[in-house]
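Peer 1: I'd like to ask you about the structure that follows.
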């Protein structure tokens, strides 16, 4: 296992010391990018500030790149490129946002990457770091766990740094490791949390369906009501599986 770089360890310690301040909501995304994410990407070998003076067409990192999403033009926070070709996006959120639980940031990142035809991309607020397989068209109803293939928190960077570096560093991309990981990711269906989230979602359907069916069919017995609810859920799950395989 490769040792975590001293600069990354320093960032981890700084975040830990001032965590309450960073996660309060007053600390914004712009400051997060300046204080944490720019140095993070630099440690992965990316020329974040274009210190090499490359022509605009060949900058390694584009800040707020322009991506067509539907009829609108959106701006992912970072676009990491090799030879002017996009490899992955990094979408930043302020630390008060829940990367693990909030579906909106994940949907946003996946829409950007899916529209740009990028296989995988990163969602992070430094406190949390998530990687998504972005080849499946995202749906607004998707939970945050759908298509998530890697997740860790800032206090786990030392444990997972070798993994992160071996995929997302500039050197790893030049050696083909990123493409190999993206290919391997096609075999994954998301992190284990997907099953938990899906079960919670099913339970919420059960309550709602029971109330709706009972309201419209007051003569049903409890046994008949439970049967109707279960049959409806089975059909929904079947359709969901068909959509995922489409």
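The values are calculated or read from the model by the stated rules, or taken from the named source; none is laboratory data. Just so it is clear, the structure is predicted and the values come from calculations on it, not from any experiment. Using ideal geometry, Cβ is built from the backbone for each residue, glycine included, and neighbour counts are taken over all protein chains shown.
Peer 1: In the stretch 76-92, is there at least one residue being without any contact (Cβ under 8 Å) to a residue 12 or more places away in the chain, assigned to a strand (DSSP E or B), over 12 Å from the mean Cα position of the chain (by Cα) and within 19 Å of residue 64 (Cβ to Cβ)? Even if it seems obvious, please write down each step before you answer.
Peer 2: Looking only at the stretch 76-92, we keep the residues that are without any contact (Cβ under 8 Å) to a residue 12 or more places away in the chain, and these are 85.
When the remaining residues are screened for being assigned to a strand (DSSP E or B), the result is 85.
Still in the list and also over 12 Å from the mean Cα position of the chain (by Cα): 85.
Applying the additional criterion that residues be within 19 Å of residue 64 (Cβ to Cβ) yields 85.
Checked the stretch 76-92: at least one residue is without any contact (Cβ under 8 Å) to a residue 12 or more places away in the chain, assigned to a strand (DSSP E or B), over 12 Å from the mean Cα position of the chain (by Cα) and within 19 Å of residue 64 (Cβ to Cβ).
Peer 1: A further question follows. Could you list all residues from the stretch 127-160 that are buried (at least 19 other Cβ atoms within 10 Å of the Cβ) and over 14 Å from the mean Cα position of the chain (by Cα)?
Peer 2: 154, 157 - these are the residues of the stretch 127-160 that are buried (at least 19 other Cβ atoms within 10 Å of the Cβ) and over 14 Å from the mean Cα position of the chain (by Cα).
Peer 1: Further question on the same structure: Among the residues of the stretch 14-46 satisfying the criterion of being assigned to a loop (DSSP other than H, G, I, E, B) and without any contact (Cβ under 8 Å) to a residue 60 or more places away in the chain, which is surrounded by the most Cβ atoms within 10 Å (Cβ to Cβ)?
Peer 2: By that ranking, first place goes to 18.
Peer 1: Out of all the residues in the stretch 79-98, is one or more under 29 Å from residue 174 (Cβ atoms), assigned by TED's automatic domain parsing to the domain that holds residue 151, in contact with a strand residue (DSSP E or B) (Cβ under 7 Å, 6 or more places away or on another chain) and surrounded by fewer than 19 Cβ atoms within 10 Å (Cβ to Cβ)?
Peer 2: yes
Peer 1: Here's another thing I want to ask about it. If we scan the stretch 58-67, do we find a residue that is in a helix (DSSP H, G or I) and buried (at least 19 other Cβ atoms within 10 Å of the Cβ)? Give the derivation first.
Peer 2: So the first thing to find is which residues in the stretch 58-67 are in a helix (DSSP H, G or I), and the list is 58.
With the extra rule that they be buried (at least 19 other Cβ atoms within 10 Å of the Cβ), the set shrinks to none.
Scanning the stretch 58-67 turns up no residue that is in a helix (DSSP H, G or I) and buried (at least 19 other Cβ atoms within 10 Å of the Cβ).
Peer 1: In the stretch 83-98, is there at least one residue being within 17 Å of residue 48 (Cα to Cα), in contact with a helix residue (DSSP H, G or I) (Cβ under 9 Å, 6 or more places away or on another chain) and modelled with pLDDT under 95?
Peer 2: Yes: one or more hits.
Peer 1: Looking at 213, 241, which one is outside the structural domain of residue 18 (by TED's automatic domain parsing), more than 16 Å from the chain's Cα centre (by Cα) and at pLDDT 90 or above?
Peer 2: Details: 241 fails: at pLDDT 90 or above.
From the options 213, 241, the qualifying one is 213.
Peer 1: Here are some residues: 72, 145, 116. Which one is touching a strand residue (DSSP E or B) at 6+ places or on another chain (Cβ under 8 Å), at pLDDT below 95, assigned by TED's automatic domain parsing to the domain that holds residue 24 and over 26 Å from residue 170 (Cβ atoms)? Even if it seems obvious, please write down each step before you answer.
Peer 2: Working: 72 fails: touching a strand residue (DSSP E or B) at 6+ places or on another chain (Cβ under 8 Å); 116 fails: over 26 Å from residue 170 (Cβ atoms).
After ruling out the rest, the residue left standing is 145.
Peer 1: Then there's this: Looking for whichever is over 21 Å from residue 47 (Cβ atoms) and within 10 Å of the chain's Cα centre (by Cα) here; the options are 122, 99. Which one fits? Break it down stepwise before answering.
Peer 2: Details: 122 fails: over 21 Å from residue 47 (Cβ atoms).
Exactly one of 122, 99 is over 21 Å from residue 47 (Cβ atoms) and within 10 Å of the chain's Cα centre (by Cα), namely 99.
Peer 1: Could you check the stretch 40-67 and list, in sequence order, the residues that are farther than 13 Å from residue 83 by Cα and out of contact with any strand residue (DSSP E or B) (no Cβ under 9 Å at 6 or more places or on another chain)?
Peer 2: 42, 43, 45, 51, 52, 53
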